[in-house]
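Report on one structure; see the data block that follows.
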Amino acid sequence: MRARSGMASIAMVVALSAGATAQAEPGRYGGGFIEFLMTGEGTGRARPIGVDGYGAPAEPRAAIAPQPSARFAALPIQQAPEPSAVSRAIDSRFSRQVVAYDGPGRPGGIVIDTNAKFLYLIQPAGQAIRYGIGVGRPGFVWTGTKTITAKREWPDWTPPAEMLRRRPDLPRHMAGGPGNPLGARAMYLGTSLFRIHGTNEPHTIGQNVSSGCIRMMNEDVIDLYERTSVGTRVEVI
């Protein structure tokens, strides 16, 4: 009788275990220790973080399919782009062009309109070659009539004493060349300190930037230089 009863108990335990293994679902066993025995859950402990790092269920390691890992060291090294030269476009209004002209002066003369930032080389038949220019900044704009008394190609630059007092950091003398502030050509106006000259800063054309001199793009001042001679009258208005 005892043997039969013992075998019945063993059979019941085996059946219960098999059923639990086949049908174990979270929440069916009331939680706590029994839930843990039957399902592995219900103890209040957080589920483990998945292998993808975003909370996917963790699986036994043997069942995890191998995933290719990211090899950042193998990625090509991106070199920082070299800084490009700053490009400042010149307003197309200041491009050299032939225009209708009915202002003051005679053919062959130069008229400089400091407000509009244009230099006119007057031509016959009511026309002029118009060039964009940079002029004196506030306090350095001037008007009057001068004459071209000298011309220089790739001129040297010796800042006058007045300028050196304002800017003691300037060099006392600079040889002519592409880095010289007077640019490719210079035309000297009488006995004044003023000149019509080129510039190594073409983006300043159309602005009030100088200490009274008239700036032109190098290609424009070369063109004007070839078209004018010593003695040319220059009217600044």
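The values are calculated or read from the model by the stated rules, or taken from the named source; none is laboratory data. Quick caveat, the model's predicted, so the values are computed rather than measured. Cβ atoms come from the backbone with ideal geometry, glycine included; neighbour counts cover every protein chain shown.
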Exercise. Among the residues of region 105-150, count how many are out of contact with any Pro (no Cβ under 7 Å at 6 or more places or on another chain) and assigned to a loop (DSSP other than H, G, I, E, B).
Key: 18
Quiz item: Would it be correct to say that Gly109 is surrounded by 14 or more Cβ atoms within 10 Å (Cβ to Cβ) and over 18 Å from Gly206 (Cα atoms)?
Solution: yes
Quiz item: Can you name the condition, by its number, that Gly206 falls short on among (1) out of contact with any Asp or Glu (no Cβ under 6 Å at 6 or more places or on another chain); (2) at pLDDT 95 or above?
Solution: (1)
Practice problem: Six or more apart or on different chains, Cβ under 6 Å: which pairs go from a residue in region 132-147 that's at pLDDT below 95 to one that's surrounded by fewer than 19 Cβ atoms within 10 Å (Cβ to Cβ) and of a type in the set (A, V, I, L, M, F, W, C)? Could you list them? | Solution: Arg137/Val209
